[in-house]
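Right, one structure below, let's go through it.
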Amino acid sequence: RLVGGADACSGRVEIHYGETWGAVCDRNWDIHDADVVCRQLKCFCLSAPGGATFGEGAGPIWGDRVDCQGNESILWECPFTPQGPQNCTHKNAAAVICSGHGGPLLVDGESRCSGRVEILHENKWGSVCDQYLDLEDANVICEHLSCGVAVSVLRGDHFGKGDRPMWKDSFHCRGNESRLWECPTTWDQPSCTSNKTAGVICSGENWQLRLSNGGSRCDGRLEVFYNGTWGRVLDDSWDLNDANVVCRQLDCGSALQAYNSSQYGHGAGPVWLTGVECLGNESALHHCNRPPTGQSDASDDVGLLCSDGTEHMKLHLVGRGGHCSGRVEVYYNGSWGTVCDDQWDLSDAEVVCKQLGCGHAITATTLAVFGEGRGPVWLDDMQCRGNESLLWECPLVEWGRHNCKHREDAGVVCSEHLEVHLAGGDSECSGRVEVRYNGSWGTVCDESWDLNAASVVCRQLDCGSAVAVVSDAGFGEGIGPVWLDEVHCRGSESRLIHCDLFGGFRDCGHKEDAGVVCSGTSYTFLICETGACEGTVEVYSEGRWGTVCSNMWDIPDAEVVCKQLGCGSAVLAPHSNTRVGAFLLNNVRCHGNESHLWQCESDCWDREDCKSESDTLVICSGKETFLLSVFLNISTSFGKQGLLAEQGSIFCLVDLEIRIVEGPSLCHGMVEVNYRGVWGSVCSQSWDLKDAAVVCKQLGCEEPEAAPSSSQYRHTGGSIWLNRVQCTGNESSLWECQAETLGNHECNHWMDVAVICKVFRTLKLILANGSSPCAGRLDVIIGTEKATASDTVFDMRGAEVACRQAHCGSAVSIKRKSYFGEGIGLVMNNKHDCSGSEANIWQCNHTLRKKKIVEPSFDPWLGCVSEDLFQGGADACSGRVEIQYGETWGAVCDRNWDIHDADVVCRQLKCGFAVFAPGGATFGEGAGPIWGDRVDCRGNESILWECPFTPQGPQNCIHKDDAAVICS
């Protein structure tokens, strides 16, 4: 057989011996040997090339030194020498070129893919008249011979006249035929006036293409491999149609750019192609029209950028202002680099903003306004029109070619840019939050401003984590517009622009400007003793709190602390007899005129050689009174009135008042406190009878009967002053109790606390240990003792009554086996079911008995949901579960749907854990298909479709059975 040729009559000679095909060595291989092969294969012999002309074979080499006379009928009739270990390799594989259909052949050239054109006509070989052969005909000849494409047609006996007749046949090929005899032909034209033979040079056995000097194999300068050499392609009219064909041929997608201006530098070597004209739908470049080599005046190498070549190309903006303003940097060829500001203008910036999804360009900056970059300068002399979608679609010079330094780095400010900085603080990592939007600086309203939002700001500014949030213009009032109101961040965002933002100019004034203190700064605070401006000094640095050693502590040091905290001047600088925490500062030496403690001389942080082993104290004149707190290495918030600790703190409140409102008497109702002339409520987190006992005592009432939340009272709105009050019950006033402030607004007014002192009925229902007042273990208050409802008899009718009594709407579900932890003390055992119509559970029959907690089957878990929540979910973390499959959203059946399935949904949506797993179309009936039934999650899966389920069939669920979740 013949392998690797254009057809069955040309190729590498192989012999099948035993079970294996093997090659023949070209030693002594000549036209007589080839004659026998061609005759055996019923072909006409043309030539006998060696040297693995048709590629190297594999396997054994069966014969060497074949010596045919030429008249044998089969090859193995000829003498030959069997292959030995010292004989040929596959580089010496013999071949033949026969002609089974009259040619064509290229003879007397440098290789089988170049030479004078000869064809077999009436059993005679002859050349072709050069006036009847053009580039389309030559393309087919090259394709026929598996020689790639025609590089040129040479006229005037370029490869000699030969000693055979000249045929005057005219071929009319279109150029896309695979065999010459497929072309229309006019035989035996009247004359050949030139009397010259035609020659053809083909690109080679395969016309190889490559893109060089780019960032990947799919962008760069186009080069063609011919005759063993890579050469250039020059074309002044090179366009996207041409580039599309190359991208398709190289399996690089579609063309984004076609360059004919040495974008990727000037090539070297011979010019193999010029003037290519493609329609754009060709499968390979050699199918396009092109003039012979040398017929173009083009001087620039062509290049292109394919769509798959952009995977390695990226764009971002670097600076402290967010992802929509900064120094322009491009990732190319494995590294980030900058753009030079030569000719950089608003049109170039417009493309950058558009590409990054940052709106339109406001400013195109020059001279490294956003700081000098590092690495290469990738682009220079940009000339964008402004309507390009990618920066590298703009006309540009060669990648990496420039005459710039990094002091000329270009930048942009886009309209969607939200630059952030902190003003009015001690450092760039503390102060009033200001954002620059649409070219103007403005502030942020403190409504909904919390530690999550503060954490995002600190992260964006590279200032570590949030230490404190500031409200009520704690760093002074700003100027300009109030750009943002109702900022809602999860805390994990990298930039403030990624949070849910709302314009705040209609609702807020600068008295409500928000601020932040980040861990990248240092801060000084006082621990309260007897007043707002006296106490132990604590400092914060590098993410932790500590005290100041009293060594060398004196009035000038205290003066600086009082001044820094706005507490007037120093009165005393005593030493404490106790030590609160680790010493972070020692041997402080202030002159007294410094504005911050950090400006004073002191020993290094973390010194543990405090000889006095005591903390420093300060008593200030208190001309400017502030609300100060104990800090126990925790995040904090503080308002204009002073510092309020968020966790683990002791409030030192001064001159506060307390009252009961919205109740039937002065001893029964909602608790409110007055601070600095403003009445506010107390959050119910951690609120219990001990706290209520202190309130009752302070109000002159009898002992407490209950410490409920305020869901049964009309809410008055306003401030929420206290949270997580922790009284022992022995205090004489609420101000002596430990408490936290509500800096992050995690409480709403439906969580306000109330008290029932003495004479009022004792029984009160509580849903304990849940994620809200409407979910949890069902407990009741009986006198001063808690009782827990038994799960053995408590059913949905009882749950309906309990939810109604708790002002929590309708019952969603009930769980057993102490889902929210076991209760203690009494067990309320309903001997008779509630009818469901009672106003409260006290109207249901029940008895009470003492219980020791040993059986985990007790204590039901009850979930309620208000009526307005049923309308479709209160937010993105509650509602009917739907899955998109293909292009269609569909529901999930509630058969077997439980809290484990809901847990997976909540986890997947980053909504915490599952509170309820309701069914029965709790959030309304869906539309479209029901994609899944009998979902059976373990609860530890990360996405819902990791769980086993049954596909929906025609006899399965309907939309009245749609599953839903309510997440924490």
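The values are calculated or read from the model by the stated rules, or taken from the named source; none is laboratory data. Since the structure is predicted, the reported quantities are computational estimates derived from the model, not experimental observations. Methodologically, a virtual Cβ is constructed for each residue, glycine included, from the backbone with ideal geometry; neighbour enumeration extends over all protein chains shown. Surface areas here come from the heavy atoms of the whole protein model, side chains and all, with no ligands, DNA or RNA. Shrake-Rupley method; radii C 1.70, N 1.55, O 1.52, S 1.80 Å.
Table for the structure above
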item	result
Nitroxide proxy distance, nm - points 7 Å out along Cα→Cβ at N28 and Q685	9.9 nm
Label-point separation, E601 to K758 (7 Å along Cα→Cβ), nm	6.6 nm
Residues E182 and T229, FRET efficiency given R0 of 30 Å [Cβ-Cβ distance, rounded to 0.05]	0.45
Fraction of alpha-carbon pairs over 24 Å apart in region 104-202 - percent	9 percent
Long-range HN-HN contacts of W889 with modeled amide H, under 5 Å	none
Gain in span if fully extended, W889 to Q355, counting 0.36 nm per residue against the direct Cα distance	189.2 nm
Gyration tensor (alpha-carbon) shape descriptor, region 419-518, a/c threshold 1.5	rounded
All-pairs alpha carbon distance profile, region 417-460, 10 Å steps from 0, percent	27, 60, 13
Low-density loop positions, chymotrypsin sites (Phe, Trp or Tyr not before Pro), region 110-204 - DSSP coil, at most 15 other Cβ in 10 Å	W187
Cβ-defined net charge surrounding C590, 11 Å radius [Lys, Arg +1; Asp, Glu -1]	-3
Qualifying trypsin sites (Lys or Arg not before Pro) for region 213-244 [loop in DSSP, other Cβ within 10 Å: at most 16]	R217
Nearest-0.05 FRET efficiency for E372 and D342, computed from C-beta distance (R0 22 Å)	0.90
Two-decimal ratio, region 314-414, of alpha-carbon radius of gyration to 2.2 N^0.38 Å	0.91
FRET E, pair S335, E19, Förster distance 56 Å, beta-carbon r, rounded to 0.05	0.55
Rounded accessible area per residue of region 94-181, 1.4 Å, Å²	38 Å²
Quarter of the Cα convex hull surface for region 2-99, i.e. its orientation-mean projected area (nm²)	5.4 nm²
Over 23 Å (Cα to Cα) - which of K910/K960; K314/K354; K124/K196; K124/K161; K91/K161; K314/K910 fall in this group	K910/K960; K91/K161; K314/K910
Amide H contacts of V96 (H built 1.01 Å from N, under 5 Å, at least 5 apart or other chain)	G11, V13
Inter-site label distance for S427 and N281 at 7 Å from Cα along Cβ, in nm	6.7 nm
Cα Rg over Rh - region 181-276, Kirkwood	1.12
Of G515, Y437, V470, farthest towards positive along the dipole that unit charges on Lys, Arg, Asp, Glu beta carbons give region 419-518	Y437
Backbone N under 19 Å from the H749 label point (7 Å along Cα→Cβ), restricted to region 413-450	446-449
